[in-house]
Amino acid sequence: MQKRIWPALTLCILELLASGCASLTRTTPPTPSAPLEPLPETPAPVVSAPEPATAPAAQAPSSPQAFQTADWSALPEWGNDKLAEALPALLLSCGSLKSQPEWQSACAAAAQIPGEDPAAVRQFFESSFVPHAVHNADGSSDGLVTGYYEPLLRGSRTPTRLYRFPVYGIPNDLLVVDLTEAQPNLKGMRLRGRLQGNKVVPYYTRAEIERGEAAVRGREILWVDDAVELFFLQIQGSGRVKLPDGEIVRIGFAEHNGHPYRSIGRVLVERGELPQDKASMQGIKQWGKQNPDLLPLLLQQNPAFVFFREMPSSSPGPVGALGVALTPGRSIAVDASVVPLGAPVFLSSTWPLSARPLNRLVLAQDTGSAIKGAVRADFFWGFGDEAGQIAGRMRQSGRMWVLYPRGFEPRLP
């Protein structure tokens, strides 16, 4: 649900960009993949979890220098990857890409490949695509790789003494303005706020929403039993909720309040209440259990807030920014201002808390407000507690190669 602002307000909106009166962010996708709890430090093979960054006010489109043609031999362990496992994810991408001229031939060929024949799958990728090494703006080729997952919460469609934390849908007073209509060079940028008289002002913060200042009463879609799990659901952007009768409800990102993310892990470290290596999702949950009275104020240190919508139960997985279901272990979130959304990407990294290589072909099918920069990926681990344990500890160094259809150069839509 997005509210349109009348053309007469266009000048006022543009003035707001300079004054900072309302919150400006890049368009956020159906699943805003964000890493778990952050601590800003140089990525390394053995670390804890990551720092979601605030979306910049504007970014220039990718330049040709971001990509450099490479040989297949440059991709670590390319010959050992089970490429057939990535083929179904590519076919999902093709559902969105096949109308684009450069993708038509590759997608048509992909649909004809026998997935049970590893040699045929490998021949398809190597004949249909050319790898392009991805470089950061400073020319470096290393970046940060984090992880995310789809959590399971317990909840109800009605509030009770147990289920007392609301999952909100989009409030009626949230304004979302696509600034492309006002200024073409602001493509992908949206202003989020609310009307106060005849002015657009920032939307309410997390603390203000939880105090009841926003028009959220009546917008509850579910109620859950754990405030911390709900907080991390908002970071992940999608999840499942098990109702008392056993029904599983899938929910996904609908909108957000436009405020920048602030790490509560960093807050705890700065206060001296957690060591840096314990400021992961798991460490914060444990702190919450030990300090239940202090927990609400801690969570409110993050002003960002996510609103949800109920998703079709038939979906095989959470839906990413590309509009297709994510594939565990084969989907990543990227910065779509640099890496073409939907494209195959060969990712070279390591497993969480390990130097064990993680080299595999994945699909760029999601984005997120914390995923900024050319060599930057958020690895989707799947559903449930085990996936959450892995994702919550992933903060690795990595390199990326975009596989683009042969005869074409990587470009954005």
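The values are calculated or read from the model by the stated rules, or taken from the named source; none is laboratory data. Computed from a predicted model, the values in this text were never measured in an experiment. Here Cβ is always computed from backbone atoms with ideal geometry, including for glycine, and neighbour counts include all displayed protein chains. Surface accessibility is based on the protein's heavy atoms, side chains included, excluding ligands, DNA and RNA. Shrake-Rupley method; radii C 1.70, N 1.55, O 1.52, S 1.80 Å.
Report the local net charge at Lys82: Lys and Arg +1, Asp and Glu -1, summed over other residues whose C-beta lies under 13 Å from its C-beta.
For residues surrounding Lys82, the net value is -2.
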Note to self: Exceeding 27 Å between C-alpha atoms, which entries from my cross-link table qualify? They are Lys82/Lys242; Lys82/Lys285; Lys242/Lys289.
What the structure shows: Lys82/Lys242; Lys82/Lys285
Check: Per residue, how many Å² of accessible area does segment 203-343 show with a 1.4 Å probe?
Finding: 39
Next item on the list: Please sort 276-287, 117-128 by packing, taking for each peptide the average over its residues of neighbouring beta carbons within 10 angstrom, highest first.
Entry: 276-287, 117-128
Next item on the list: Taking 7 Å along the Cα-to-C-beta vector as the label spot, tell me the Asp117-Lys199 distance in nanometres, rounded to one decimal.
Entry: 6.8
Next item on the list: Roll a 1.4 Å probe over the protein chains and send me the accessible area per residue for segment 359-400 in Å².
Entry: 24
Next item on the list: Please report, in whole Å, how far the alpha carbons of segment 181-324 spread along each principal axis, starting with the longest.
Entry: 48, 39, 31
Checklist line | Gln286 paired with Trp72, simple spin-label distance in nm, labels 7 Å along Cα-to-beta-carbon | finding: 4.6
Notebook entry, point to check: Which value, in debye to the nearest 20, gives the size of the charge dipole of segment 92-144 about its Cα centre, when Lys and Arg are +1 and Asp and Glu are -1 at the Cβ?
Noted result: 180
Checklist line | Counted charge near Pro340, where neighbours are those whose Cβ lies closer than 12 Å (Asp, Glu -1; Lys, Arg +1) | finding: -2
Next item on the list: Quick one: which residues, 5 or more positions from Leu363 or on another chain, have an amide H under 5 Å from its amide H? H modelled 1.01 Å from N in the peptide plane, none for Pro or chain starts.
Entry: Ser331, Ile332, Val345
Notebook entry, point to check: Taking amide H positions as placed 1.01 Å from N in the peptide plane, with prolines and chain starts having none, which residues 5 or more places from Gly382, or on another chain, fall under 5 Å of its amide H?
Noted result: Glu150, Gly329
Check: Considering only protein heavy atoms and a 1.4 Å probe, what is the carbon-and-sulfur percentage of the accessible area of segment 198-295?
Finding: 45
Check: Rounded to the nearest 20 Debye, what is the dipole magnitude of segment 343-413 about its Cα centre when Lys and Arg each give +1 and Asp and Glu each give -1 at the C-beta?
Finding: 300
Note to self: Apply the Karplus curve 6.51 cos²θ - 1.76 cosθ + 1.60, θ = phi - 60°, to the phi angles in segment 380-392 and return the couplings in whole Hz, x for Gly and Pro.
What the structure shows: 7, 8, x, 10, x, 5, 4, 4, x, 4, 6, 4, x
Check: Summing +1 for each Lys or Arg and -1 for each Asp or Glu, what net charge is found among the other residues whose Cβ lies under 13 Å from the Cβ of Ala106?
Finding: 0
